[in-house]
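The values are calculated or read from the model by the stated rules, or taken from the named source; none is laboratory data. From a predicted model like this one, the values you see are computed outputs, not experimental measurements. Heads up, the Cβs are rebuilt from the backbone with ideal geometry, glycines too, and the neighbour counts pull from every protein chain shown. Side chains included, ligands, DNA and RNA excluded: accessible areas come from the protein's heavy atoms. Shrake-Rupley method; radii C 1.70, N 1.55, O 1.52, S 1.80 Å.
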Amino acid sequence: MNTATDPTATAIDEARELRLDVLGMTCGSCAARVEKTLNKQPGVSASVNFATGEALVHLGEDAPPLASLRDAVQERGYDLRVHVDEAEATARRHQRSWLVRVIVAWPLAAAAMVVSMTWMEQTWARWAAFALATPVQFFVGWPFLRAAARLARHRAANMDTLVALGTLAAYGYSVWALFASPAMGDEEPRSLYFESAAVILAFLALGRWLESRAKGRASQALRRLLELGAKDARVLRGGKELRVPVDAVKPGWLLKVVPGERFPVDGRVVEGTSSVDASMLTGESVPVTKGPGDDVAAATVNLDGVVVLEATRVGDETALAQIARLVAQAQGSKAPIQRLADRIAGVFVPVVLAIAAITAAAWFAIDGTVEGALTPAVAVLIIACPCALGLATPAALMVGTGRGAQMGIVIRGAEILERSRAVDTVVFDKTGTLTEGRMRLVDVAGCVETLERAAAVEGGSDHPIARAIVDGAIERGVEIPAATAFRTVPGRGTCAAVEGTDVLVGRRSYLEDEGLHVPASIERYAEAFGERGWTAAWVGW
């Protein structure tokens with residue numbers, strides 16, 4: 001990477017916080033090794049997440065440029081690049097790759113095991129086991145072998161090293177025994193372990209496929225959160241209305257938003273009045289009225305009026321983007337339990353290699369044969385591959401923070417999520433937050449025509465309160481009359497002619513401005529409804 005000629009890299013180097021993709025990681029010990037390497041650089045504080053494949057790097061004043069960080073990581077057998085949002089495509093590609101290996105591995109491994117356990121004393125069966133295990137060892141096991149070789153060049157090791165050493169030891173010894181036994185004149189054919197290497201790789205391939213599925217699903221929640229935003233915007237320019245991608249909108253531009261559309265950016269209303277569904281930000285199911293001078297947030301829904309909006313915050317500065325950034329930071333942060341898992345993973349591989357060597361030496365001293373020493377040493381290498389150790393904790397944190405964001409709960413860090421297990425009381429500061437997000441009709445005051453006429457008028461509206469009134473009338477078996485001359489007054493209410501009578505439904509102020517008087521008896525009902533936290537819709541004719 002040449003930062004002298006790369007303006008993107010130069011801009012990145014000037015940032016104080018970087019989100020980088022880490023290439024080449026295959027297990028938790030890889031993440032621990034990259035994180036340790038980055039944190040050794042002056043002025044650098046880094047957190048590497050194996051589940052996301054990303055590094056969150058904070059740079060101090062004396063921090064080196066990105067190119068130096070990349071060189072340091074490359075020396076350990078990995079690579080860095082500026083984050084590219086292609087997690088979904090990468091996850092699908094990895095899933096397909098491992099699924100192909102699973103499909104190849106299991107029939108061959110099963111056949112090798114049957115042949116080895118049934119006819120291994122026969123020459124044809126020994127050669128058949130060799131033929132069946134070879135593609136499993138070198139095609140299915142190629143990702144493990146390649147990763148182990150890459151790290152070996154940098155004098156490093158990880159979980160793939162254990163897999164490569166274990167399966168190659170079993171396979172290599174079996175090949176030697178297959179060819180050497182006749183040449184050495186052995187009366188009894190030596191034991192072969194082709195089926196062991198093949199079955200082990202089949203199980204590991206299945207585990208990697210399941211792991212890639214888990215990582216893909218864990219990142220879906222954040223992508224779905226970002227998908228809440230609008231994809232394009234209606235820009236007003238020179239008296240014309242133009243459709244442009246939302247990413248092209250600049251602060252100060254005037255935008256038109258019609259009923260049913262999401263606001264594309266954060267902005268300020270300069271013309272028009274409408275009811276806005278802001279539940280995705282506030283959790284409140286009751287729409288709020290927005291008029292000239294009021295601020296609106298991206299991804300909230302314009303319900304019933306046409307408004308002209310002046311863009312104030314766009315792109316990464318919108319409220320939705322900031323929520324997504326908080327969620328991404330939370331997914332990339334580490335809880336205390338994950339830091340413990342990473343520390344274990346960082347020293348686990350060399351400890352296991354040492355134990356396997358000691359095991360082989362001890363059994364060779366006792367048994368005096370390579371075969372007697374090989375089996376327990378391979379068992380130590382293979383059984384000690386805790387890939388889940390590095391994946392389970394970060395994947396669980398990703399799912400938890402992402403799912404919380406979908407439900408309107410922003411968790412600001414993994415440590416907060418872990419500490420939440422001690423919470424025994426939750427206090428909310430306002431009513432409406434713990435609702436289902438869907439309004440429903442709970443009571444009706446007035447004469448028998450009240451609900452009939454209200455439902456007739458609201459049948460022409462998509463407003464949440466209108467839908468609740470219509471659904472409530474249907475549930476109560478009310479016969480809804482026909483309505484004509486339907487008209488909406490954005491932010492105030494609706495009006496229509498029902499059986500020759502003009503009927504108004506909406507705010508109290510709307511009815512009073514139209515000259516309708518509110519009886520004292522209805523006033524008392526409204527006060528009682530308000531005390532219960534209910535929203536009153538007024539009906540008059």
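Residue check, residue 50 against (1) more than 19 Å from residue 327 (Cα to Cα); (2) open to solvent by less than 70 Å² (accessible area, probe 1.4 Å); (3) under 27 Å from the mean Cα position of the chain (by Cα), all met but one. Which one?
All conditions pass for residue 50, except number (1).
What number goes with the only condition from (1) open to solvent by 20 Å² or more (accessible area, probe 1.4 Å); (2) in a loop (DSSP other than H, G, I, E, B); (3) not basic (Lys, Arg) that residue 77 does not pass?
All conditions pass for residue 77, except number (1).
Please go through the stretch 517-541 and pick out each residue that is surrounded by 14 or more Cβ atoms within 10 Å (Cβ to Cβ), in a loop (DSSP other than H, G, I, E, B) and more than 47 Å from the chain's Cα centre (by Cα).
541 - this is the single residue of the stretch 517-541 that is surrounded by 14 or more Cβ atoms within 10 Å (Cβ to Cβ), in a loop (DSSP other than H, G, I, E, B) and more than 47 Å from the chain's Cα centre (by Cα).
When you look at residue 414, is it in contact with a Ser or Thr (Cβ under 6 Å, 6 or more places away or on another chain) and either surrounded by 15 or more Cβ atoms within 10 Å (Cβ to Cβ) or modelled with pLDDT of 75 or more (or both), yes or no?
It is true that residue 414 is in contact with a Ser or Thr (Cβ under 6 Å, 6 or more places away or on another chain) and either surrounded by 15 or more Cβ atoms within 10 Å (Cβ to Cβ) or modelled with pLDDT of 75 or more (or both).
Taking the stretch 13-33 as the search range and keeping residues that are open to solvent by 20 Å² or more (accessible area, probe 1.4 Å) and within 19 Å of residue 62 (Cβ to Cβ), which one is modelled with the highest pLDDT?
The residue in question is 17.
For residue 508, state whether it is more than 22 Å from residue 285 (Cβ to Cβ) and of a type in the set (Lys, Arg).
Judged against the criteria, residue 508 is not a match.
Take the stretch 205-230 and flag every residue that is at pLDDT 85 or above and open to solvent by 20 Å² or more (accessible area, probe 1.4 Å).
Those that are at pLDDT 85 or above and open to solvent by 20 Å² or more (accessible area, probe 1.4 Å): 206, 209.
Hey, could you check the stretch 34-47 for residues that are open to solvent by 30 Å² or more (accessible area, probe 1.4 Å) and closer than 20 Å to residue 154 by Cα and say which is nearest to the chain's Cα centre (by Cα)?
Going through the qualifying residues, I end up with 35.
When residue 282 is evaluated against the numbered criteria (1) polar (S, T, N, Q); (2) under 27 Å from residue 463 (Cα atoms); (3) buried (at least 20 other Cβ atoms within 10 Å of the Cβ); (4) at pLDDT below 85, which criterion, by number, is the only one it fails?
Residue 282 satisfies all of (1) polar (S, T, N, Q); (2) under 27 Å from residue 463 (Cα atoms); (3) buried (at least 20 other Cβ atoms within 10 Å of the Cβ); (4) at pLDDT below 85 except (3).
Check whether at least one residue in the stretch 89-100 is within 25 Å of the chain's Cα centre (by Cα), small (Gly, Ala, Ser) and buried (at least 19 other Cβ atoms within 10 Å of the Cβ), and report yes or no.
Checked the stretch 89-100: at least one residue is within 25 Å of the chain's Cα centre (by Cα), small (Gly, Ala, Ser) and buried (at least 19 other Cβ atoms within 10 Å of the Cβ).
Let me confirm something: among 264, 259, which residue is closer than 19 Å to residue 228 by Cβ and modelled with pLDDT under 90?
Among 264, 259, only 259 is closer than 19 Å to residue 228 by Cβ and modelled with pLDDT under 90.
Within 30 Å of residue 23 (Cβ to Cβ), surrounded by 15 or more Cβ atoms within 10 Å (Cβ to Cβ) and within 47 Å of the chain's Cα centre (by Cα) - does that describe any residue in the stretch 187-195?
no
For the stretch 493-516, does any single residue satisfy the condition of being open to solvent by less than 60 Å² (accessible area, probe 1.4 Å), closer than 21 Å to residue 288 by Cβ, free of Cβ contacts under 8 Å to residues at least 24 places away in the same chain and out of contact with any Gly (no Cβ under 8 Å at 6 or more places or on another chain)?
Yes, the stretch 493-516 contains a residue that is open to solvent by less than 60 Å² (accessible area, probe 1.4 Å), closer than 21 Å to residue 288 by Cβ, free of Cβ contacts under 8 Å to residues at least 24 places away in the same chain and out of contact with any Gly (no Cβ under 8 Å at 6 or more places or on another chain).
I'd like to verify a number: residues in the stretch 138-180 that are surrounded by 22 or more Cβ atoms within 10 Å (Cβ to Cβ), touching a Gly at 6+ places or on another chain (Cβ under 9 Å) and farther than 13 Å from residue 201 by Cβ, how many?
Selection size over the stretch 138-180: 4.
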